[in-house]
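Since every read-out is calculated from the coordinates, none of them should be taken as a lab result. Not measured: the values here are computed from a predicted model. Glycine also receives a Cβ, built like all others from the backbone with ideal geometry; neighbour counts cover every protein chain displayed.
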Amino acid sequence: MRDVFDVLILARLSFAACLCITASCAEERSPLPPEANFEVFEAQVYPILVRDCGFPACHGSEGRFFQVFGPGRMRLNPNSAISQPATPEEVQAAFDRSRGMLASFNTAEGSLFVRKPLAVDLGGAPHVGATDSGRDVYNDREDRSYNILRSWARAALGQEN
């Protein structure tokens with residue numbers, strides 16, 4: 001019985017070594033969120049996220065990794081009036097989580113930030129959320145809002161637009 005146990009340990013160690021070798025040969029990806037332009041995010045990206053993603057049934061609910069707080073949506077501070085303008089903390093929270101969805105990706109098109117709201121048949125990632133009409137957020141790669149999100153992500157990852 002001890003020999004079987006030793007073989008299993010050796011097999012696991014060999015598998016782990018193969019994973020390490022494979023990982024070291026793979027393209028290096030930073031697990032840290034990239035630097036990104038906060039001013040562009042605040043002026044162009046954040047309003048889109050609040051409008052298109054911040055529904056109570058989607059990213060405007062507790063328990064979701066990617067939460068969007070803001071006017072007309074869930075508020076970071078429950079004492080904030082629903083119609084009060086976004087607080088700096090709400091914009092910062094959305095910025096930090098958006099950057100987090102770019103971490104570990106080499107291209108914007110590969111990131112969750114860009115793929116999640118795009119229809120799967122267009123290369124998007126499976127997305128539980130849908131608009132009030134029951135569809136993916138963006139069913140067209142030419143959608144102006146989608147391209148604003150994509151352009152911000154591309155700039156954050158150092159890609160040409």
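Some observations on this one:
- Residues Phe38, Phe55, sorted so that the one with the fewest Cβ neighbours within 10 Å comes first: Phe38, Phe55
- Where N is the number of residues in the range 32-156, Cα Rg divided by 2.2 N^0.38 Å: 0.99
- Estimated distance in nm for a label pair at Arg144 and Asp121, the labels positioned 7 Å out from Cα along Cα-to-Cβ: 2.5 nm
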